[in-house]
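None of the figures in this text is laboratory data; all of them are computed from the coordinates on show. Given the structure is predicted, the values throughout are model-derived calculations rather than measurements. Don't worry about glycine lacking a Cβ; one is built from the backbone with ideal geometry, like all the others, and counts go over all protein chains shown.
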Amino acid sequence: MLNVVFFTVNPFEENTYLITNEQDQCWIVDPGMYSPQETAQMISYITENGLTPQAIINTHAHIDHILGVQALTDKYKLPFGIHKHELPVLERAADTAAMFGFELKNVPKATFYINENEQLKLGTDALDVFYTPGHSPGSISFYYPEGNWVISGDVLFSGSIGRTDLPGGNFDTLIQSIRSRLLVLPDETTVLSGHGPVTSIGEEKKHNPFLK
Ligand SMILES: [Zn+2]
């Protein structure tokens with residue numbers, strides 16, 4: 001079984017997820033740690049729990065989701081995976097960071113691509129990958145059916161959806177992604193978003209004003 005915990009970090013209050021298996025291997029999803037304290041907290045958690053990080057996997061490459069990638073790849077020599085349609089977003093990251101007043105010394109390089117409908121294996125456990133563009137061109141979601149949860153990045157939030165005014169964003173594409181890939185999941189599926197509180201597919205179907 002996979003387990004997931006989260007850390008809310010950086011001025012955008014981004015949720016960084018840490019997924020672990022029973023062999024104490026882990027993935028880090030969307031590491032957004034910016035301050036040295038946030039990075040130290042993540043590394044302490046990994047050390048204290050005896051975890052061995054295997055990879056960084058990102059739902060997308062907006063700066064608030066990648067600010068902590070370099071520190072972790074420096075420390076653990078981790079591969080860093082995104083969907084290949086997200087490359088232009090990653091390549092613009094230094095400019096975007098400057099625009100938002102962040103310092104991004106080294107823009108991390110993607111070392112592998114994560115494909116639609118791929119299964120990502122952590123030991124014997126696997127996450128399903130859904131291609132859910134619209135908020136950004138290469139947004140993906142990670143679904144773990146055995147645990148009834150999905151990490152939706154900035155595609156779907158409690159009571160809201162991702163913004164679509166950034167480069168490569170498209171409102172109709174986003175709604176289509178949510179309807180065709182997320183709302184088809186069981187109602188009891190827990191939605192772990194890139195920002196804000198935990199919700200569920202059933203809750204969003206009923207109450208999300210963007211999905212009426
Ligand atoms: Zn985003």
Response to the item:
The rounded separation in angstrom of the Cα centers of segment 54-118 and segment 1-39 is 14 Å
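Kindly identify segment 88-212 as rounded, prolate or oblate by the Cα gyration tensor criterion: order the square roots of the eigenvalues as a ≥ b ≥ c, call it rounded if a/c is under 1.5, otherwise compare a/b with b/c, prolate if a/b is larger, else oblate.
Here segment 88-212 falls in the oblate category.
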Discussion item. Give me the extension gain from Phe210 to Phe112: residue separation times 0.36 nm, minus the current Cα-Cα distance, reported in nm with one decimal.
Written reply: 31.9 nm
Discussion item. Suppose each label sits 7 Å from its Cα in the direction of the beta carbon; what would the Ala94-Met1 distance come out to in nanometres?
Written reply: 4.6 nm
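How do the peptides 11-18, 180-187 rank, highest first, by the average count of neighbouring beta carbon atoms within 10 Å per residue?
Answer by packing, highest mean first, reads 11-18, 180-187.
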Worksheet item: What is the percent of Cα-Cα separations in segment 3-211 that go past 20 Å?
Response: 53 percent
Item to complete: Would you mind computing Rg(Cα) / (2.2 N^0.38 Å) for segment 139-212, counting N as its residues?
Response: 1.00
Worksheet item: So for the pair Glu13, Glu203, with labels modelled 7 Å out along Cα→Cβ, what separation do we get in nm?
Response: 1.5 nm
Worksheet item: How far apart, in nm, are two points set 7 Å out from the Cα along the Cα-to-Cβ line at Gln176 and at Lys77?
Response: 4.3 nm
Worksheet item: Okay, helix-only estimate at 222 nm for the chain: each DSSP H run of n ≥ 4 adds -39500 (n - 2.57), divide by all residues, round to 500 deg cm²/dmol; what do you get?
Response: -6000 deg cm²/dmol
Worksheet item: In segment 23-104, which trypsin sites (Lys or Arg not before Pro) are in a loop and have at most 16 other Cβ atoms within 10 Å, using DSSP for the loop call?
Response: Lys77
